[in-house]
Amino acid sequence: MAGPSFDESDAAGPPRASLLAADLISDDDRSVAADSWSIKSEYGSTLDDEQRQVDAVELLSAGNARASSEYSSDKDDADANEVEPSLLGLQSYWDAAYAEDLANFKDHGHAGEIWFGADVMDTVVTWTKNLLLDSSDNDAIKEDFSGPVLDIGTGNGLLLQEFAKLGFTDLTGTDYSEGAVELAQSLAARAGFPGIKFLVDDILETKLERQFDLVMDKGTLDAVGLHPDGPLRRSIYWDSVAKLVSPGGILVLTSCNSTKDELIREVERLTAGFWYVDHVKTYPTIMFGGVEGSRVATVAFRRH
């Protein structure tokens with residue numbers, strides 16, 4: 001990922017850091033980048049402490065960030081939310097990362113990283129369930145949700161385990177890394193959730209033929225955008241996702257590279273299939289470049 005995201009409340013827009021591929025050559029550098037939003041948790045993360053998260057945020061925020069004043073003129077540009085390419089946009093990076101995580105699981109039982117951290121994951125799961133069930137806040141949302149759930153770019157699959165704990169039963173996770181899928185299957189079986197389905201699938205060339213009432217994306221669009229062909233791939237992403245969400249279904253997207261308003265504008269520009277429903281308003285805020293905002297944005301869209 002490429003640094004903190006800020007909510008739309010900063011009218012001038014935030015500085016956004018970028019990770020150049022040249023900055024991520026060594027294994028140590030790769031680990032720092034991947035650890036940037038991960039913290040110790042009940043799942044057995046191998047991280048030393050939360051200070052590594054703080055150090056990584058500072059690293060990702062340095063060097064290539066623009067001054068906040070530069071954002072006042074480009075917030076409406078089509079390419080305003082682009083970031084510099086990074087190794088985190090390449091499948092080879094994730095194959096190597098999950099091969100390492102899988103080896104650590106087999107040797108030590110570690111579950112690996114929780115992308116964005118456990119607190120964000122818990123917030124996303126609880127907020128999403130409330131969004132689906134609380135018709136008093138939004139009449140368009142079903143009062144009794146029981147439909148199938150898809151997690152795009154599932155990684156180690158821990159997000160779906162949290163949904164399973166809440167009683168969701170029709171759960172599918174996909175990832176283009178075979179190592180991620182093997183790790184997710186192993187972790188789900190260990191946790192007593194063998195019914196969660198995990199499949200090798202690339203969202204940009206998806207082979208899935210069914211549709212889902214709820215589709216989750218926690219960081220996958222960010223990774224898509226970090227590829228050297230990021231803008232084109234983001235367009236393909238929206239075409240694919242639109243085919244996977246059932247009519248009337250919900251897409252919940254969590255990003256650290258785009259604000260809520262940027263995601264809404266991207267949806268309006270690249271697809272006519274979704275409209276904005278709601279966003280998480282409870283994330284802690286931080287000060288960055290003299291501007292206050294949230295490092296993560298979680299936004300829900302409904303499919304026409």
**Prompt:** What are the residues in region 219-237 that are within 15 Å of the chain's Cα centre (by Cα) and aliphatic (A, V, I, L, M), if any?
**Reply:** Leu221, Ala223, Val224, Leu226
**Asked** Pick from Arg303, Arg265, Arg234, Arg269: which is of a type outside the set (A, V, I, L, M), surrounded by fewer than 23 Cβ atoms within 10 Å (Cβ to Cβ) and farther than 24 Å from Pro85 by Cβ?
**Response** Arg303
**Request:** Determine which member of the set Glu209, Glu205, Glu162, Glu182 is among the acidic types (Asp, Glu) and in contact (Cβ under 8 Å) with a residue 60 or more places away in the chain.
**Result:** Glu182
**Prompt:** For Met287, which of the numbered conditions (1) assigned to a strand (DSSP E or B); (2) at pLDDT 95 or above fails to hold?
**Reply:** (2)
**Prompt:** How many residues, within region 139-154, are part of a loop (DSSP other than H, G, I, E, B) and either open to solvent by 40 Å² or more (accessible area, probe 1.4 Å) or at pLDDT 65 or above (or both)?
**Reply:** 10
**Asked** Taking region 200-228 as the search range and keeping residues that are part of a strand (DSSP E or B) and of a type in the set (A, V, I, L, M), which one is most open to solvent (accessible area, probe 1.4 Å)?
**Response** Val200
**Request:** Could you please let me know if Val280 is buried (at least 21 other Cβ atoms within 10 Å of the Cβ) and either in contact with a Leu (Cβ under 7 Å, 6 or more places away or on another chain) or closer than 16 Å to Val83 by Cα (or both)?
**Result:** no
**Message:** Condition first: under 19 Å from the mean Cα position of the chain (by Cα) and either among the β-branched types (Val, Ile, Thr) or open to solvent by less than 10 Å² (accessible area, probe 1.4 Å) (or both). Now tell me which residues in region 176-199 satisfy that.
**Reply:** Ser177, Ala180, Val181, Leu183, Ala184
**Item:** Hits in region 254-301 (condition: in contact (Cβ under 8 Å) with a residue 40 or more places away in the chain, more than 18 Å from Trp115 (Cβ to Cβ) and among the polar types (S, T, N, Q))
**Value:** Thr259, Thr282, Thr285
**Message:** Among the residues of region 242-251, are any without any contact (Cβ under 8 Å) to a residue 40 or more places away in the chain and part of a helix (DSSP H, G or I)?
**Reply:** yes
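The values are calculated or read from the model by the stated rules, or taken from the named source; none is laboratory data. This one's a predicted model, so the numbers in the text were calculated from it and none came from an experiment. We place every Cβ from the backbone using ideal geometry, glycine too, and count neighbours over all the protein chains shown. Only protein heavy atoms, including side chains, enter the accessible area calculation; ligands, DNA and RNA are left aside. Shrake-Rupley method; radii C 1.70, N 1.55, O 1.52, S 1.80 Å.
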